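Have a look at the structure below before the remarks.
Any read-out appearing in this document is the output of simple, stated calculations on the displayed coordinates, not a laboratory observation. Because the structure is a prediction, the values reported are computed rather than measured. All Cβ positions, glycine included, derive from the backbone under ideal geometry; neighbour counts span all protein chains shown.
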Amino acid sequence: MSGGSARPAGAPRPDDPTLASEPVGAVRVRWSPARRDASVTARSHAFSLRAALAFAPADSAPSAAEYLLGALAGDLVTGFARHAARRGVVLDDLEAAASGTLHSPLTALGVIGEETGDPAFDAITVTLYVASPADPDTVRAVWEEARRASPTARTLERAVRLTLTLRIEV
């Protein structure tokens with residue numbers, strides 16, 4: 001074998017068209033009337049969520065909207081770290097902050113008289129904070145790679161005004 005890495009016997013080729021139809025993730029969700037929450041299982045991991053939205057400062061679990069924001073920010077952070085490692089870019093610190101606004105939060109909460117509004121996200125903003133001794137242009141190139149490779153960001157940018165910002169800290 002020349003010019004590449006070995007592939008395990010029976011493993012699909014990267015250009016195999018059947019790969020496009022293979023699921024990359026699956027979850028099961030079960031409602032518990034006693035706990036008044038939903039239990040989500042993904043592979044061997046589980047988490048709970050209580051509602052689509054939550055405005056109380058304290059709750060027993062994050063809301064579905066908070067999980068969505070966390071999934072997006074987490075995808076960008078881990079993707080950035082992966083692309084930085086591939087380039088040999090040292091990271092002193094890496095953090096993301098995400099927030100979102102809804103078209104009609106009252107519709108999402110089921111307020112009477114607001115049934116016809118749009119409960120969808122209107123806009124989502126993520127700011128990635130990076131501290132690195134690397135050249136800022138290199139850090140920006142890593143950010144662009146991470147953005148382009150993020151399935152979560154690429155999906156959401158088709159559905160919502162998505163603002164992704166990089167802040168390089170010195």
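Annotations
- Between the Cα long axis of helix 64-87 and the first principal axis of the chain there is an angle of about 10°, rounded to the nearest 10.
- Measuring nothing but how far apart in sequence close Cα pairs (under 8 Å, 6+ apart) lie, relative to its length, the chain scores a relative contact order of 17 percent.
- Nearest-ten-degree value, helix 136-149 long axis tilted from longest Cα axis of the chain: 60 degrees
- Cα→Cβ-extended label distance, 7 Å offset, between residue 168 and residue 144, nm: 1.3 nm
- Matching label, Cα Rg over 2.2 N^0.38 Å computed from the structure shown, candidates (1) 1.44; (2) 1.06; (3) 1.29: (3)
- Expressed to the nearest 5 percent, the antiparallel share of DSSP beta bridges inside segment 63-169 is 55 percent.
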